[in-house]
Amino acid sequence: MTPKVFPGVPADLVEVVERHGRVVAAGDNRAVLADFRPDRIGQLIASPSLPESLTSAELLDLRPEEGGLFAARIRYTAADGGQTVLRSRWIRLPEGWRVTEVRNLPATAPRMTTAGPAEDGSDTPHWEGLRAGEVRVPRCDGCATWIWPYRPICPRCHGFELSWVAVEPTGTVYSWTRTWQPFAPEFSGHLPFVTVLAELPQAGGRRLLGILLDADGVDPLVGEPVRAEIEGAADSGWPVLRWRLDRREVRQG
């Protein structure tokens, strides 16, 4: 199969990327490391996830991107016939072409194995709400103060009677961060990813964390609208809350 090379891709880069795929498939770690951007070697080693026994590599396409970057998709085939696609981004440095970012495709948000209620079960109603397709936040029955993170006593009136109320799953970006390092095994193959702290006006401005969907190459703006999406677990585990930018509201506003 001939790779699809888009206009604007330097001819010498095609050869470099194809050679890179071959050395990855051959397990030539020295050659692979030589292709990495020197200041990101640790990050790049841990970012992708590949089977141990590879038999071949095939460059699918190579295209220019903004900022002088070029994106390559390489499909690797394992000894058992399984296939994995990696997307690497390349940049020209004084020492030559180097990988500056790599990740598995399709891009999926990581899921922590620890997702679920706290050990004491105090926030279980929140997670049960996610299973029911709702975002539930505790509110004081006495003074109507929204309380998050959960605590058993209202910080305003010191009341003990609280209710878990379903709120509109929309908010705005209060802050965000892009994670490049695999701080847990679940992150391998999913890097980088963006975590958003979203402020919910319908819950008194309480703020909930969640990974941002479709965030590849996206820089969110503080105050930008987001909408929650609840991602169910493949097994009997707990669902998790994700955020998605709602840029439709910005265009219509």
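The values are calculated or read from the model by the stated rules, or taken from the named source; none is laboratory data. Quick caveat, the model's predicted, so the values are computed rather than measured. No Cβ is skipped: glycine too gets one built from the backbone with ideal geometry, and neighbour counts run over all protein chains shown. Ligands, DNA and RNA are excluded from the accessible area calculation, which covers all protein heavy atoms including side chains. Shrake-Rupley method; radii C 1.70, N 1.55, O 1.52, S 1.80 Å.
Let me confirm something: among 69, 44, 33, which residue is closer than 15 Å to residue 103 by Cβ, hydrophobic (A, V, I, L, M, F, W, C) and open to solvent by 30 Å² or more (accessible area, probe 1.4 Å)?
69
Give the range 173-198 a look and list any residue that's over 27 Å from residue 44 (Cβ atoms) and crowded, with 19+ Cβ neighbours inside 10 Å, or say none.
Scanning the range 173-198 gives 173, 198.
Residues are listed down the side, and each one gets a yes or a no for (1) among the basic types (Lys, Arg); (2) outside any strand (DSSP E or B); (3) buried (at least 17 other Cβ atoms within 10 Å of the Cβ); (4) within 25 Å of the chain's Cα centre (by Cα):
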position	(1), (2), (3), (4)
9	no, yes, yes, no
21	no, yes, yes, yes
39	no, yes, no, yes
50	no, yes, no, yes
63	yes, no, no, yes
76	no, no, yes, yes
98	yes, no, yes, yes
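Output the number of the condition that residue 221 fails; it satisfies all remaining conditions of (1) among the aliphatic types (A, V, I, L, M); (2) open to solvent by 60 Å² or more (accessible area, probe 1.4 Å); (3) in contact with a Ser or Thr (Cβ under 7 Å, 6 or more places away or on another chain).
Only one criterion is unmet by residue 221, namely (3).
Could you please find all residues in the range 239-253 being open to solvent by less than 70 Å² (accessible area, probe 1.4 Å) and either within 14 Å of residue 109 (Cα to Cα) or modelled with pLDDT of 95 or more (or both)?
Residues satisfying the conditions are 239, 240, 241, 242, 243, 245.
Kindly indicate whether residue 133 is open to solvent by 40 Å² or more (accessible area, probe 1.4 Å), of a type outside the set (A, V, I, L, M), on the phi > 0 side of the Ramachandran plot and touching a residue at least 24 places away in the same chain (Cβ under 8 Å).
Considered against the rule, which asks whether it is open to solvent by 40 Å² or more (accessible area, probe 1.4 Å), of a type outside the set (A, V, I, L, M), on the phi > 0 side of the Ramachandran plot and touching a residue at least 24 places away in the same chain (Cβ under 8 Å), residue 133 comes out as yes.
Can you name every one of the strands (runs of 3 or more DSSP E) wholly within the range 158-253 that holds 2 or more residues which are in contact with a strand residue (DSSP E or B) (Cβ under 8 Å, 6 or more places away or on another chain) and aromatic (Phe, Trp, Tyr)?
170-179
Which one of these does residue 158 not meet: (1) open to solvent by 70 Å² or more (accessible area, probe 1.4 Å); (2) in contact (Cβ under 8 Å) with a residue 24 or more places away in the chain; (3) more than 16 Å from residue 241 (Cα to Cα); (4) not basic (Lys, Arg)?
The failed condition is (2).
Give me the pairs: first residue in the range 20-36 and closer than 16 Å to residue 88 by Cα, second residue acidic (Asp, Glu) and part of a loop (DSSP other than H, G, I, E, B), beta-carbon distance under 6 Å, and six or more apart or on different chains, which are they?
Cβ pairs passing all conditions: 20/35.
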